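Asker: Have a look at this one before I ask anything.
The values are calculated or read from the model by the stated rules, or taken from the named source; none is laboratory data. Quick caveat, the model's predicted, so the values are computed rather than measured. All Cβ positions, even for glycine, are placed from backbone atoms using ideal geometry, and neighbour counts span all protein chains on display.
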Amino acid sequence: MASVAGSQEQMPAAHGHSFCKKTFHKPTYCHHCSDMLWGLIQQGFICEVCNFVVHDRCLKTVVSPCSSVAASLIRNPVAHCWSDAFHHKRKFCNVCRKRLDDSESIHCEICEYFVHVECQDFAVADCKENATYLPGKQLVFVRHQHHWREGNLPSNSKCALCKKTCWTTECLSGYRCEWCGMTCHASCHMSINNECTFGILEPIYLPPHAVSIPRTEVPMEAIIGVQVRRKDTLSLICSDTVRRSASLSSVLKRLSVVLPNSCQSISQSQKTPPYVRARSTSEEFSSGDAGRYRDSEDYAQTHAPRDSRQDKQNKNQEERDEEVIKVYDGNNSFRRKIFRLIVVPRQAPLKQVLTQALRAFHITKDPNSFHLTDLYSPDEAVLQDPTPVLSMHRKEGKRPAVFLRFKDRDNDTGEVRVYPGKLQVSQTHCTVPVDSNTTVGDLIGEALQRFSLEDSKPEDFRCSEVLLDRGVTERVLSWNERPWEIMKQLGKDSIRQMELMRFYLQLKQDPHGPNLALFVGNLPPNLSERNYENILTDFLGRENKFSKIGPIYYEYGSMVITYEDSEKAVRALYALRESKYEDKQPLLVMLLPNIEPSMIPQGVQPLLVFVNVKSGGCQGLELISSFRKLLNPYQVFDLDNGGPLPGLYVFRNIQNYKILVCGGDGTIGWVLQCLDNVGQDSQCSSPACAIVPLGTGNDLARVLRWGPGYTGGEDPLNLLRDVIDAEEIRLDRWTVVFHPEDKPDDSSVKQVNSTGKRRQKLSKMKVTNEQIRKAVVASSTSEDNSQIFVMNNYFGIGIDADLCLDFHNAREENPGKFISRLHNKSVYVKMGLRKMVGPKMCKDLHKEVRLEVDGKLVELPQVEGIIILNILSWGSGANPWGPEKDDQFSKPNHWDGMLEVVGVTGVVHLGQIQSGLRTAMRIAQGGHIKIHLNSDIPVQVDGEPWVQSPCDVVVLKSALKATMLKKLKGKMKRRNTEPTMLVSPGVQLVPLPSNDGESPTDPNNTNF
């Protein structure tokens, strides 16, 4: 193990390694200083537990803790969110310190922790603690500390203290802060100031001390929507907790219902017993010393060997008169057939066998408290022979096997560790002597005295049993339970779990507060509050009814319900996740964190990140993973889980924040539309929005200089830097009202493309009578049939919308094919060619359309399409309006309160505009446009097309405002070589001054 939380302080003597002199037969590097070990024999030392290699000269300065003691150094354990298993290149395991290249491995989605699949059981639960809010603690007294992670540093990393290179590709060496990205040598990191300020991302970082999450059994990956939790891992956790807590077990067994819908195709990659394949001492450096072995009858029959090296090792054991013994650490491991293999001489004394068995499970307690029993003997006899290997019972074709047992009968007294959790005390933990008669109430009282909290009332506290095996599981103990009996019973089930178990002292009152918010979605839209209450009550029952409902987002069929009881909230969470309304898709339910705005420092504008993981192929998934590591994962939201509403609700009380939208133009419109609906309930009604373009056209992103499309080559850290430096700019938004002619038995809008498409449905709004009266003058028309849309980019009528409609229909038929920008554009080209030779649906469009601009009738030229522009980018970067001319029209931009109307004569003209050979026909420019359609004509608003029946269309400036972030012009394009998130001293990046008179809407101006 090689990682330490930032709040820990270890002296070199407390590293816990068991070093022995070693002769290495291939080039080997010191894990402390990363230099090569020179010499022919006994070049250095190696830890017999974790494979830490060190020079003789570095031995006294080692600070990296051994995996046998690393778990005990963690004050507040936080479980990792594991990814699916795959092959990582140029990475090292944080447990066994060996390369990951040759075997499957996993990593944490929140921090830079990498392990082999078979080493996962020994991973230390020290992920970043992203929610540390404490009631009553003022912001001026908050000091955030570095969270150090050893090894796997970015290339070209420099030490923050000595300024020398601190990264290496030869071993696990060097340290990096998970918060600010600071890198340093192992020997230097102890001399660095422990206070962390989040580096260059501080202006947009949501500080952990401002976030609180409810104290429930719901794991963090279920709250933030991580999509990569393996089901078999959960089943193992559940089976271990059946005896201790039936309620917790039932919660974990049903955890799959908590995860988002996209998690249901989770990989089941780990099917091997994890202890069987776990790496043991010195395997990488020797062919014989305590290597990793597989039991032929229990393992090799179902798993093909990786290479011939294993057979060679087994043969060497027999030639050297050694024995391979299976070791089980308790009843649970035997039931699950999970064991470790040790290799000992056949004449080995009992003490040596016991010591190696303890090391195999990373046990550091006194060996005199344990003994070995013969698994295959009739009564599980205790091994007492001075040389027990030869006298052990054997079964034909099986290796000898032993149980590692705790001497519970000989130990009626002992000591337990009690940790203060988030209590404000100086000690990391205290040791309390206990016996068989000590109760939890006695333990709480004694611990309060040792933590110098004598004036506190024991009745205000509770004690929890916390296990760190394969994550973090917690169970609240009753007042009369006996801690020492719990320890002894746990020792029967698993010595490893007994080693990792600890008791936690906590206040009974949850720091999160009494209110727990659940976001509920996928209900029918536009029902009454009473109807929503009745639907939820039917699903929940009276015993799990919520305390409060609201806000309700009627247009989306979504709402927030609040509970004052955490247990009731968790029951409601699972009950609703299993519910379906009218046998349709399951309800979407999320447990939401809470943000305390007073704990956000002045000058910090937290960045709310929305990622459409379905945009841009796999780029959305890559970005959301990167942003969760660079930022607080509670400020990064997956739009596939509830859309923008959950994130906007969580940030509702922050007075000043920014938004980063990762997606196409439709995703941006979706987020802006949700902002319009929740703005009145938020402290910040119009946060500035930046864009990472993941769509096909990305016209708005081009105008705001965010580029034509994210390709994956840009470092996500540099994207966040650009967001910090970007300037705020206003974007005009327009209301498009469709007031159809009355036609009985006919729909006013023929939705030829998918009417169930989520973004399209969310782009529609109900219209008030006053808005309709102001927008449309039609005395004989029913106001109830009118529809209103908000336009951000452009509005097309005719051939442009017809092509867009064909593309949408093709994508609805085969959505899996439309994952590439190049493929999407090729489909547009093919459809355009078909339109050239096929019947022309939009011929003589000028005869079917009447156009008025600012109250004046405009005579239309002979065109097949009309495009009304708010931004000067259309169709993936083309500029239909063209360069500035000496004519009657003023120079346009996207904040001047004017729209530009252009015409196209056909498909060929569209192609020429796309290629830059021609511009469109300039028709008009104005701030209020009215159009009458005489027949069924294709139309599209911001890329959402349909066939519109005869109607009046009014386009007028919307009262809804949008503040966007525009990337600074002249910012150089950074290469992906930055090693950390720290600004190099003495280096300043000064953007070129922009000319206010220059048009900022040039679609070709996309330099990064």
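Asker: Which pairs turn up if I take residues in the range 791-817 that are not assigned by TED's automatic domain parsing to the domain that holds residue 870 and part of a helix (DSSP H, G or I) and look for partners that are modelled with pLDDT of 70 or more and surrounded by fewer than 18 Cβ atoms within 10 Å (Cβ to Cβ) with beta carbon separation below 9 Å, at least 6 apart in sequence or on another chain?
Answerer: none
Asker: Would you point out the residue of the range 372-398, among those that are in contact with an Asp or Glu (Cβ under 9 Å, 6 or more places away or on another chain) and part of a strand (DSSP E or B), that is nearest to residue 325 (Cα to Cα)?
Answerer: Filtering the range 372-398 for residues that are in contact with an Asp or Glu (Cβ under 9 Å, 6 or more places away or on another chain) and part of a strand (DSSP E or B), the one nearest to residue 325 (Cα to Cα) comes out as 374.
Asker: Is there any pair with a first residue in the range 865-891 that is in the same structural domain as residue 919 (by TED's automatic domain parsing) and a second that is of a type in the set (Lys, Arg) whose Cβ atoms are under 6 Å apart and which are 6 or more apart or on different chains, and what are they?
Answerer: Final answer for the pair search is 873/702; 877/702; 884/891.
Asker: Same structure, new question: I want to confirm something. Restricting to the range 671-722 and keeping residues that are among the acidic types (Asp, Glu) and in a loop (DSSP other than H, G, I, E, B), which single residue is farthest from residue 792 (Cα to Cα)?
Answerer: Ranking the candidates gives 715 first.
Asker: Cβ-Cβ distance below 8 Å, separation of 6 or more or different chains: which pairs start in the range 703-721 with a residue that is more than 25 Å from residue 731 (Cβ to Cβ) and end on one that is modelled with pLDDT under 90 and charged (D, E, K, R)?
Answerer: 712/622; 715/974; 715/978; 717/978
Asker: Just the residues that are crowded, with 24+ Cβ neighbours inside 10 Å and either within 30 Å of residue 430 (Cβ to Cβ) or out of contact with any helix residue (DSSP H, G or I) (no Cβ under 9 Å at 6 or more places or on another chain) (or both), please, taken from the range 78-96.
Answerer: Of everything in the range 78-96, those that are crowded, with 24+ Cβ neighbours inside 10 Å and either within 30 Å of residue 430 (Cβ to Cβ) or out of contact with any helix residue (DSSP H, G or I) (no Cβ under 9 Å at 6 or more places or on another chain) (or both) turn out to be 80, 92, 94, 95.
Asker: Identify, by number, the condition in (1) in contact with a helix residue (DSSP H, G or I) (Cβ under 6 Å, 6 or more places away or on another chain); (2) surrounded by fewer than 23 Cβ atoms within 10 Å (Cβ to Cβ) that residue 609 doesn't meet.
Answerer: So residue 609 meets the others, but not (2).
Asker: Just to be sure before I move on: is residue 547 modelled with pLDDT of 90 or more, of a type in the set (S, T, N, Q) and out of contact with any helix residue (DSSP H, G or I) (no Cβ under 7 Å at 6 or more places or on another chain) in the structure I sent?
Answerer: Yes.
Asker: Which of the residues that make up the range 457-494 are buried (at least 21 other Cβ atoms within 10 Å of the Cβ), within 21 Å of residue 74 (Cα to Cα) and in contact with a Phe, Trp or Tyr (Cβ under 6 Å, 6 or more places away or on another chain)?
Answerer: 463
Asker: Got a sec? Which of 508, 492, 548, 488 is farther than 27 Å from residue 467 by Cα and among the charged types (D, E, K, R)?
Answerer: Sole residue among the options that is farther than 27 Å from residue 467 by Cα and among the charged types (D, E, K, R): 548.
Asker: Mind checking which residues of the range 723-732 are surrounded by 20 or more Cβ atoms within 10 Å (Cβ to Cβ) and either free of Cβ contacts under 8 Å to residues at least 60 places away in the same chain or outside any strand (DSSP E or B) (or both)?
Answerer: 723, 726, 732
Asker: Within the range 343-384, how many residues are in contact (Cβ under 8 Å) with a residue 60 or more places away in the chain and among the small types (Gly, Ala, Ser)?
Answerer: 1
Asker: Scan the range 557-611 for residues that are on the phi < 0 side of the Ramachandran plot and of a type in the set (Gly, Ala, Ser) and jot them down.
Answerer: Hits for the range 557-611 are 558, 566, 569, 572, 575, 579, 598.
Asker: Pairs needed: first member in the range 124-145, touching a residue at least 12 places away in the same chain (Cβ under 8 Å) and surrounded by 15 or more Cβ atoms within 10 Å (Cβ to Cβ); second member anywhere, assigned to a loop (DSSP other than H, G, I, E, B) and among the acidic types (Asp, Glu); C-beta distance under 8 Å; at least 6 residues apart or different chains.
Answerer: 128/178; 133/596
Asker: Follow-up question, since we're still on this one. Any residue at all in the range 674-686 that's surrounded by 24 or more Cβ atoms within 10 Å (Cβ to Cβ), touching a strand residue (DSSP E or B) at 6+ places or on another chain (Cβ under 6 Å) and outside the structural domain of residue 521 (by TED's automatic domain parsing)?
Answerer: No, there is no match, as no residue in the range 674-686 is surrounded by 24 or more Cβ atoms within 10 Å (Cβ to Cβ), touching a strand residue (DSSP E or B) at 6+ places or on another chain (Cβ under 6 Å) and outside the structural domain of residue 521 (by TED's automatic domain parsing).
Asker: Can you tell me which residue is modelled with the highest pLDDT among those in the range 931-957 that are touching a helix residue (DSSP H, G or I) at 6+ places or on another chain (Cβ under 9 Å) and among the small types (Gly, Ala, Ser)?
Answerer: That would be 935.
Asker: Just give me the residues in the range 12-57 being within 39 Å of the chain's Cα centre (by Cα), modelled with pLDDT under 90, small (Gly, Ala, Ser) and over 20 Å from residue 343 (Cα atoms), in sequence order.
Answerer: Scanning the range 12-57 gives 13, 14, 16.
Asker: Also, I was wondering about something else. So in the range 58-77, with the set limited to residues that are among the aliphatic types (A, V, I, L, M) and in contact with a helix residue (DSSP H, G or I) (Cβ under 7 Å, 6 or more places away or on another chain), which one is modelled with the lowest pLDDT?
Answerer: The qualifying residue modelled with the lowest pLDDT is 71.
Asker: Since residue 69 meets every condition but one in (1) in the same structural domain as residue 188 (by TED's automatic domain parsing); (2) of a type in the set (A, V, I, L, M); (3) in contact with a Cys (Cβ under 6 Å, 6 or more places away or on another chain); (4) closer than 27 Å to residue 145 by Cα, which condition does it not meet?
Answerer: For residue 69, the failing item is (3).
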